[in-house]
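In what follows, a structure is listed as structure tokens, so that the remarks can point back to it.
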């Protein structure tokens with residue numbers, strides 16, 4: 001069946017079918033389509049990650065706007081400059097994405113079944129199921145993604161003061177292991193896991209609840225025969241994703257700033273960089289506002305990511321429904 005025909009079929013789904021469960025998916029198709037579409041999405045948003053990371057690391061850029069930093073990178077490094085680390089990120093993310101998506105869908109399906117008989121509002125039940133699944137998936141995938149983040153972020157900040165000069169991903173990995181051992185690739189792991197897992201729970205929980213409430217405000221119900229169009233589904237899911245992404249960026253930016261600097265900076269004097277040393281340096285350089293370095297690009301990145309990711313993700317699921 002062609003993609004066009006499948007999208008047309010998806011447009012005729014009843015509201016109860018907008019949440020496609022794991023057992024209805026063709027798993028191979030789900031991961032192949034997901035790898036392609038998420039790589040395209042990552043390419044579109046990667047420049048905002050480069051700008052955000054450089055603003056968080058370089059104190060000289062912290063008072064500039066994201067647009068000014070973007071223009072400066074283009075002026076000095078051209079187009080390749082705003083895509084530093086993308087190849088490593090895109091290729092390296094493929095196994096991690098399989099791990100993350102599988103754990104997300106399996107745990108969400110289990111939570112929906114576990115909470116099925118509980119007496120609670122449906123929006124709350126959906127929020128809890130999505131939130132627990134998001135937290136579990138994020139914690140599991142951290143074991144894979146933290147070394148990849150350390151490598152990609154070091155590629156993004158090459159040339160900045162306080163960073164180690166490296167040209168290639170494997171050179172970065174080699175130098176980090178030589179200097180700190182294997183644990184150097186896991187700088188910020190517990191900070192990432194203990195902060196981003198609740199943040200992921202917040203994102204997925206907010207998304208699930210927001211989508212449910214938007215559908216109800218539009219007069220849709222799981223029990224009637226009224227069917228939303230494909231455009232309505234995309235619009236509602238995009239709005240819910242944007243709301244969840246914006247909320248998450250406001251809450252998690254201070255932790256992300258500390259994590260990013262912890263993973264890429266090497267000039268803290270004697271001893272291994274720590275969370276306390278990193279936070280103290282930020283306070284000395286910019287005061288409390290230092291924890292919100294790069295907030296503009298990150299807010300834009302997470303809002304756009306929330307919108308495009310969830311639309312892409314829901315489309316992947318609808319295109320991957322197993323044919324009976």
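Nothing in this text is a laboratory measurement; each read-out follows from the coordinates by a stated rule. All of these numbers come straight from a predicted model, not from anything done at the bench. Heads up, the Cβs are rebuilt from the backbone with ideal geometry, glycines too, and the neighbour counts pull from every protein chain shown.
Quick rundown of the values:
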item	result
For segment 68-145 and segment 175-234, distance of Cα centres in Å	6
Read-out P(r) over Cα pairs in 10 Å bins from 0, in percent, derived from the coordinates shown; its label in (1) 6, 25, 33, 21, 12, 4, 0; (2) 5, 22, 27, 20, 12, 8, 4, 1; (3) 6, 24, 33, 26, 9, 2, 0	(1)
Candidates 126, 172, 36: whichever shows maximal mean-square fluctuation once the chain is modelled as a Gaussian network with Cα springs under 10 Å	36
Degrees separating the helix 169-180 axis from the principal Cα axis of the chain, which is the longest one	60
For the chain: relative contact order, % (alpha-carbon pairs under 8 angstrom, 6 or more apart)	30
Order of 122, 105 under a 10 Å beta carbon neighbour criterion, fewest first	122, 105
Among 314-322, 150-158, the order from most to least packed when residues are scored by Cβ within 10 Å on average	150-158, 314-322
Most mobile of 74, 104, 202 in a GNM of the chain (Cα contacts under 10 Å)	74
For peptides 131-137, 281-287, sequence by mean Cβ density within 10 Å, most packed first	131-137, 281-287
Cα long-axis angle, helix 66-82 against the chain (0 to 90 degrees, to the nearest 10)	80
The chain: angle of helix 295-319 to the longest principal axis, Cα-based, in degrees nearest 10	40
For the chain, built as a Gaussian network whose Cα springs stay under 10 Å, the top-fluctuating residue of 249, 197, 229	229
Rough spin-label spacing in nm, given labels placed 7 Å along Cα→Cβ, for residue 68 and residue 113	5.6
Sequence ranges 24-31, 256-263, ranked by mean other-Cβ count within 10 angstrom, highest first	256-263, 24-31
Inter-probe distance in nm under a simple model that places probes 7 Å from Cα toward Cβ, at residue 143 and residue 29	3.1
